[in-house]
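The values are calculated or read from the model by the stated rules, or taken from the named source; none is laboratory data. What you see is a predicted model; the values in this text were computed from it and never measured. As a convention, Cβ positions derive from the backbone with ideal geometry for all residues, glycine included, and neighbour counts pool all protein chains shown.
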Amino acid sequence: MQPHDTDHGELVLAEMDGGVLRVTLNRPEKLNALTPPMSFRLAATLQAAARDPQVRYVLITGAGRAFCAGGDVTQFLANDPSDPVAARSSGHPAWSGAEYLVDRLRERMQSSLLLHAMPKPTVAMVRGPAMGAGLGLMAACDIRLADTTASFGTAFGKVGLSGDFGVSYFLGRLVGPTVAREMYFLDRRLDAAEAAQHGLVNRTVEPDALESEAGAIAARLAAGPPIAWRYVKQNLATAETEHLSDVLDLEARNMIRTMATADSRNAIDGFLNRKTVSFGGC
């Protein structure tokens, strides 16, 4: 793989290989716990990936033996909303310290929105713990692959926090409200088998098969029709919040748009004539 707008040794690595952008959280000595600079870098990396036509698919994972243990708790006390220093550092006298911190946290949480809504497929490859913010990043992806060492939890209650990175949005939709509430209020942890049973991950594999399984998924997604994937994601995201009539309208528009592409015409011809085709994104 070749570097993609980053240098090795950074907290977030991004490497391109055949249309696949592999994003790695790179703090293995801290189980990839997120610091503010790391979160901002991740959001910037994903924003660039969303806009880059060479990126057909994004895979996010963690270095070492963890996906992401959540936010770095050692830095939480620095974010004291009652501290006027934060407000002064914003340069905007109308902002209180709390409002400044809300704005900054919202910027960092953009990663979950990008993984969920960017116009190309996203895949999480999980080994070890995916907790707190890490759980949100993982759950935001279209496909979630875990090995048998993986474990999942909110972890927010242990430090007296309510949660971020979209965990409250994704968790109930994936595992159902009953299990989601247990994971929040009772700090219930799911192992890999339970996560697959409840739909939190698509599948689990043995640790030595994780990379090959992710590679097989990458090959299929990267070889697929990028324009169609863009509109599939738009349809699915819209269906989460809109009425059926609005979704049908959107599906109709997007079907006509994709029918007009060279990719679709070539694929239909290949299907009818039993020919292998490739998708050029046009």
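Cβ-Cβ contacts under 9 Å between residues 6 or more apart (or on different chains), taken from a first residue in region 31-43 that is assigned by TED's automatic domain parsing to the domain that holds ASP72 and closer than 16 Å to ARG106 by Cβ to a second residue that is at pLDDT 95 or above and of a type in the set (Ser, Thr, Tyr), are listed as SER39/SER111; LEU42/SER111; ALA43/SER111.
Of all the numbered requirements in (1) of a type outside the set (Ser, Thr, Tyr); (2) within 15 Å of the chain's Cα centre (by Cα); (3) modelled with pLDDT under 95, PRO36 misses one, and that requirement is (2).
Could we say that THR178 is without any contact (Cβ under 8 Å) to a residue 60 or more places away in the chain, of a type in the set (S, T, N, Q), in the same structural domain as LEU21 (by TED's automatic domain parsing) and more than 30 Å from ARG265 (Cβ to Cβ) here? Judged against the criteria, THR178 is a match. Close Cβ contacts (under 6 Å, 6 or more residues apart or on different chains) running from residues in region 149-174 that are closer than 15 Å to PHE67 by Cα and in the same structural domain as PHE185 (by TED's automatic domain parsing) to residues that are of a type in the set (Asp, Glu) and surrounded by fewer than 19 Cβ atoms within 10 Å (Cβ to Cβ) comprise SER151/ASP191.
Only residues that are assigned to a helix (DSSP H, G or I) and over 18 Å from ARG56 (Cβ atoms) were counted in region 232-242, giving 4. The set of residues in region 213-252 that are among the hydroxyl-bearing types (Ser, Thr, Tyr) and within 20 Å of the chain's Cα centre (by Cα) comprises TYR231, THR238, THR241.
Against the condition part of a helix (DSSP H, G or I), of a type outside the set (Lys, Arg), surrounded by 10 or more Cβ atoms within 10 Å (Cβ to Cβ) and at pLDDT below 90, how does PHE271 come out, does it pass? Yes.
Pairs linking a residue in region 53-65 that is in the same structural domain as GLY215 (by TED's automatic domain parsing) and outside any strand (DSSP E or B) to a residue that is modelled with pLDDT of 90 or more and among the small types (Gly, Ala, Ser), with Cβ atoms under 6 Å and 6 or more positions apart or on different chains, are VAL55/ALA49; ARG65/GLY128. Taking the listed residues ASN266, ASN254, the one that is farther than 25 Å from GLY172 by Cβ, outside the structural domain of ALA155 (by TED's automatic domain parsing) and surrounded by 18 or more Cβ atoms within 10 Å (Cβ to Cβ) is ASN254, with no other qualifying. Of the set (1) β-branched (Val, Ile, Thr); (2) surrounded by fewer than 14 Cβ atoms within 10 Å (Cβ to Cβ); (3) in contact with a Gly (Cβ under 7 Å, 6 or more places away or on another chain), all apply to VAL159 but (3). The combined condition, being free of Cβ contacts under 8 Å to residues at least 12 places away in the same chain and part of a helix (DSSP H, G or I), is fulfilled by SER245.
Each residue in region 12-25 was checked for being surrounded by fewer than 20 Cβ atoms within 10 Å (Cβ to Cβ) and at pLDDT 90 or above, and 2 pass.
The residues on offer are ALA124, ALA150, and the sole one that is modelled with pLDDT of 95 or more, surrounded by 24 or more Cβ atoms within 10 Å (Cβ to Cβ) and in contact with a Gly (Cβ under 8 Å, 6 or more places away or on another chain) is ALA150. Here are some residues: ARG265, ARG257, ARG274. Which one is under 13 Å from PRO119 (Cβ atoms) and over 26 Å from the mean Cα position of the chain (by Cα)? Selected residue: ARG257, the only one of ARG265, ARG257, ARG274 that is under 13 Å from PRO119 (Cβ atoms) and over 26 Å from the mean Cα position of the chain (by Cα).
From the list LEU200, LEU174, pick out the single residue that is surrounded by 18 or more Cβ atoms within 10 Å (Cβ to Cβ), at pLDDT 95 or above and either under 22 Å from ASN26 (Cβ atoms) or within 15 Å of the chain's Cα centre (by Cα) (or both). The unique qualifying residue is LEU200. Scanning region 181-213 for residues that are without any contact (Cβ under 8 Å) to a residue 24 or more places away in the chain and among the small types (Gly, Ala, Ser) yields a single hit, SER212.
Checked against (1) crowded, with 16+ Cβ neighbours inside 10 Å; (2) assigned to a loop (DSSP other than H, G, I, E, B), MET183 meets all criteria but (2).
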